[in-house]
1. Within segment 158-167, identify whether any single residue is part of a loop (DSSP other than H, G, I, E, B), surrounded by 15 or more Cβ atoms within 10 Å (Cβ to Cβ), in contact with a strand residue (DSSP E or B) (Cβ under 8 Å, 6 or more places away or on another chain) and assigned by TED's automatic domain parsing to the domain that holds residue 200, and answer yes or no.
2. Which one is surrounded by the most Cβ atoms within 10 Å (Cβ to Cβ), of the residues in segment 64-107 that are assigned to a strand (DSSP E or B) and over 17 Å from the mean Cα position of the chain (by Cα)?
3. Please determine whether any residue of segment 114-129 is part of a helix (DSSP H, G or I), out of contact with any strand residue (DSSP E or B) (no Cβ under 7 Å at 6 or more places or on another chain) and without any contact (Cβ under 8 Å) to a residue 24 or more places away in the chain.
4. Give me the pairs: first residue in segment 39-54 and surrounded by fewer than 12 Cβ atoms within 10 Å (Cβ to Cβ), second residue outside any loop (DSSP other than H, G, I, E, B), beta-carbon distance under 9 Å, and six or more apart or on different chains, which are they?
5. Residue by residue through segment 28-55, note down the ones that are out of contact with any helix residue (DSSP H, G or I) (no Cβ under 7 Å at 6 or more places or on another chain) and in a strand (DSSP E or B).
6. Take the conditions under 19 Å from residue 172 (Cα atoms), modelled with pLDDT of 95 or more and surrounded by fewer than 15 Cβ atoms within 10 Å (Cβ to Cβ) and apply them to residue 119. Does it pass?
């Protein structure tokens, strides 16, 4: 299994060898550092590789995390911006680096990240409700949710748990499957995957081969 952390830069299009234009997303793929390797025979009892991405000042990192990563930190780097763990039986060495060259054009990957946060939203925007009727003397009912309780209905006169209502929208973890790697430039630290990926520009993404 191949994996790496990247940041979303922007969308673009690329002309393939067959002459067709393909929509894609440019990802910034700086080399990541292996911070820990877990094995089934060790104290963790499962196989995984933990990697660190980016850089962060020491003052912004807790002491437990600093103690955890101090042996794998490259020279000149105070800490990592993000640390992620991937379940895999592949072997790696703590302190080694992984860059975009692990992927090849044509690889199928899945990309996971947080979607754009949209703040507090009503039921029409959040859930696609139609709103209230516009006739028969009603005013300002375009975005009303309608009844939420009821006496003796399925909820027994109370608001049912999980009923769709207004609330925070976005900032959810989403995974997009079956994306193709369209281009890789390890020297520049960039790669292009087909289609759209979650999040705004600068969103941290997990890219994993199928």
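The values are calculated or read from the model by the stated rules, or taken from the named source; none is laboratory data. Note that the structure is predicted; figures quoted are calculated from it, not measured. Neighbour counts run over all protein chains shown; Cβ positions are idealised from the backbone, glycine included.
1. Within segment 158-167 (the criterion being part of a loop (DSSP other than H, G, I, E, B), surrounded by 15 or more Cβ atoms within 10 Å (Cβ to Cβ), in contact with a strand residue (DSSP E or B) (Cβ under 8 Å, 6 or more places away or on another chain) and assigned by TED's automatic domain parsing to the domain that holds residue 200), the answer is no, since none of the residues qualifies.
2. 98
3. yes
4. Note: pairs meeting the criteria are 45/38; 46/38; 46/87.
5. Answer for segment 28-55, where residues must be out of contact with any helix residue (DSSP H, G or I) (no Cβ under 7 Å at 6 or more places or on another chain) and in a strand (DSSP E or B): 28, 32, 33, 34, 36, 37, 38, 48, 49, 50, 51, 53.
6. When the stated conditions are applied, residue 119 passes them.
For (1) free of Cβ contacts under 8 Å to residues at least 12 places away in the same chain; (2) in contact with a strand residue (DSSP E or B) (Cβ under 6 Å, 6 or more places away or on another chain); (3) outside the structural domain of residue 191 (by TED's automatic domain parsing); (4) within 24 Å of residue 37 (Cα to Cα), each residue gets a yes or a no:
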| position | (1), (2), (3), (4) |
| --- | --- |
| 69 | no, yes, no, yes |
| 75 | yes, no, no, yes |
| 82 | no, yes, no, yes |
| 101 | no, no, no, yes |
